[in-house]
Amino acid sequence: LGLLPSSPMLEEEEEKVEEKAADQSEAPVASRAVEAVAGSHWNDEYGPLGYGSFNCVCCNAWLLLLLLPTLFLLLVAPGLELEHGVTLTRAALALFGLSALFFCLVSSTNPGVAPRTAPYIVGGREQGFEHPGEAYSYCQDSNRYVRGFDHSCDFVGNDIGDGNMHYFVGFLLSLASFATFLTACCVLSVYEMAAPPGPTLALEHDPLKMTIALLLLVLVFFCFRGCARSEACEGVLPLIMLMPGAVAGAWLLALVTATLVVMPLVTDMWADVRPSHNPAALFLILPYLAFAVLFFGMAAHWVHLLCAGLSQKLWLRSRGYRRQRNRASQSGDALV
């Protein structure tokens, strides 16, 4: 989260800052920088719940968070309520409320922004402010020092540090639980469509439809392959695959994708559409399952980092991960 590829110039600047910070951390205490970065923001500049920033990625995250329960309530819940009452719907709304609560907390609370320090005086003149100390790390994205800084997360619009790390992990766990519950409800809805008495899903032994389904399946996987090799995914996909269970999750998603592509063509699932027989539940399994796998893996990852006493940046360095520059910039550099 929040580790999307940036422009080449920004990446070069970040690498220079990181190298300088590493040199300072390895230098003797007496020689380390004692002056804070000019123009840094301090704790007294924010209100109690005003530490986050509302950006485009954060806005899309809110829309996505609202879309998950909306599709469930409109397309799946009516059929389940006919058989199980409103219990499942209430449970889904409760998990959504918990996820939204953690989202608000992690995006607005203090991540550990440093209090304003004493003026830094050189030759009797103020030259800014003193460095807040070794416990604080500077974040270029928000231009402030954060205690126990882990990373800057565009998805929630806030830095992640000692002050809100517990909210961040709670958000990942609650959203993963919410997505898992919706996946289970969709699977239950599909099962009840085909379960006896009187199965309402039957295979259609049509060679033409089966051939079309096979060709469409091959086309979909070639599209996925092309997407994985695109510039948009080159910087993000390797990071996601470092998460715990990512490989198993990828195979599971591939199996579900194949099922979603083939079933509409080789069954009579569209023959009798009604609230208790809504094929939309089958197609919602894939996005809900993708969210469950992704966020459970991320939650396990950050719990591991907390137990090991590592930050995201240090962990990525230990794995040899570096963000890839886009090909256009690389070819431009070669021409220069």
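The dipole here belongs to segment 104-163: it is taken about the Cα centre, uses +1 on the Cβ of Lys and Arg and -1 on the Cβ of Asp and Glu, and is about 220 debye. For residue 128, the amide hydrogen comes within under 5 Å of the amide hydrogens of 120, counting only partners 5 or more places away or on other chains and with H modelled in the peptide plane. When the surface is traced with a 1.4 Å probe over the full set of protein chains, residue 206 keeps roughly 50 Å² accessible. For residue 212, the solvent-accessible surface computed with a 1.4 Å probe is close to 80 Å², ligands and nucleic acids excluded. Electrostatic bookkeeping for residue 53 treats Lys and Arg as +1 and Asp and Glu as -1; over the other residues with beta carbon under 14 Å from its beta carbon, the sum is -3.
Rolling a 1.4 Å probe over the protein heavy atoms leaves residue 208 with an accessible area of roughly 120 Å². Taking amide hydrogens as placed 1.01 Å from N in the peptide plane, the amide H of residue 41 sits under 5 Å from those of 144, 145, each at least 5 positions away in sequence or on another chain. Here is the list for segment 36-131: trypsin sites (Lys or Arg not before Pro) lying in DSSP coil, each with at most 16 other C-beta atoms within 10 angstrom of its C-beta, are 116. Of the residues 315, 270, 251, the one with the largest accessible area comes first in the ranking 251, 270, 315, computed with a 1.4 Å probe on protein heavy atoms. Shown in residue order for segment 35-43 are the 3J(HN,Hα) couplings computed by the Karplus curve 6.51 cos²θ - 1.76 cosθ + 1.60 at θ = phi - 60°: 10, 6, 4, 4, x, 5, 8, 10, 4 Hz (x for Gly and Pro). Among the chymotrypsin sites (Phe, Trp or Tyr not before Pro) in segment 37-69, those located in a DSSP loop and surrounded by at most 12 other Cβ atoms within 10 Å of their own Cβ are 54. Taking amide H atoms as placed 1.01 Å from N in the peptide plane, the amide H of residue 153 lies under 5 Å from those of 158, 159, 160, each 5 or more residues away in sequence or on another chain. Once the 1.4 Å probe is applied to the protein heavy atoms, segment 86-214 comes out at 47 Å² accessible per residue. Normalised by the number of residues in segment 121-274, the mean separation of alpha-carbon contacts (under 8 Å, six or more apart) gives a relative contact order of 17 percent.
The values are calculated or read from the model by the stated rules, or taken from the named source; none is laboratory data. In this text, all values refer to a predicted model and were calculated from it rather than measured experimentally. No Cβ is skipped: glycine too gets one built from the backbone with ideal geometry, and neighbour counts run over all protein chains shown. To get the accessible areas, we keep the full protein, side chains included, count just its heavy atoms, and leave off ligands, DNA and RNA. Shrake-Rupley method; radii C 1.70, N 1.55, O 1.52, S 1.80 Å.
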